[in-house]
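Here is the structure we will look at.
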Amino acid sequence: MEKQLLWAAHLMMSKHKPVAAGMALFETESRKPILPPLEEDILEDYYDEMELIGFCVTGTLFELTKSDYRGDMPARELHLHEGKIIRVVGDFVCEKFVKTKRGDLMKFGTFLDAEDAFLIPSISRRA
């Protein structure tokens, strides 16, 4: 319904108005354009949002993945497995570059998991 309303508003606000130039050879009957039913697709909304504002508002990028795998555990349980090797899946949020005391460059990356909990920042000495 939203798309139909947007198109209707566009047609109403259009500055193009047909002008009758003299007498017409044949009488023409003008009709109000009728829009076909427009289908809504959540996937199309995701891609439109990413293109227009750079991220999804309707949902998360996890909903666009083909795999249901979301890591070994959610971020809220990471503290229970300190010292163990685990796999986590996250959506990139931002990065920050920091210089160490010795002048080396480190990069911190912050991610969100499927439950929108922040993951521990990853640290890379090679930026």
Condition first: farther than 28 Å from Lys3 by Cα and touching a His at 6+ places or on another chain (Cβ under 8 Å). Can you find one or more residues in the range 73-95 that meet it? yes
Specify the residue that is modelled with the lowest pLDDT; the eligible residues are those in the range 41-75 that are of a type in the set (Phe, Trp, Tyr) and out of contact with any Gly (no Cβ under 7 Å at 6 or more places or on another chain). Phe55
Conditions: (1) in a loop (DSSP other than H, G, I, E, B); (2) within 18 Å of Glu115 (Cβ to Cβ). Pro33 meets all but one. Number of the miss? (2)
Residue, surrounded by the fewest Cβ atoms within 10 Å (Cβ to Cβ), within the range 1-37, restricted to residues that are at pLDDT 75 or above and small (Gly, Ala, Ser): Ser14
Search the range 51-74 for residues being among the charged types (D, E, K, R) and within 15 Å of the chain's Cα centre (by Cα), and hand back the single one that is surrounded by the most Cβ atoms within 10 Å (Cβ to Cβ). Glu63
Are any of the residues in the range 75-94 within 11 Å of Asp113 (Cα to Cα), part of a loop (DSSP other than H, G, I, E, B), touching a Phe, Trp or Tyr at 6+ places or on another chain (Cβ under 9 Å) and open to solvent by less than 50 Å² (accessible area, probe 1.4 Å)? yes
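The values are calculated or read from the model by the stated rules, or taken from the named source; none is laboratory data. Quick caveat: nothing in here was measured; it's all calculated off a predicted structure. Please note: Cβ atoms are built from the backbone with ideal geometry, for glycine as well, and neighbour counts cover all protein chains shown. Just so you know, the surface numbers come from the protein's heavy atoms only, side chains and all, with ligands and any DNA or RNA stripped out. Shrake-Rupley method; radii C 1.70, N 1.55, O 1.52, S 1.80 Å.
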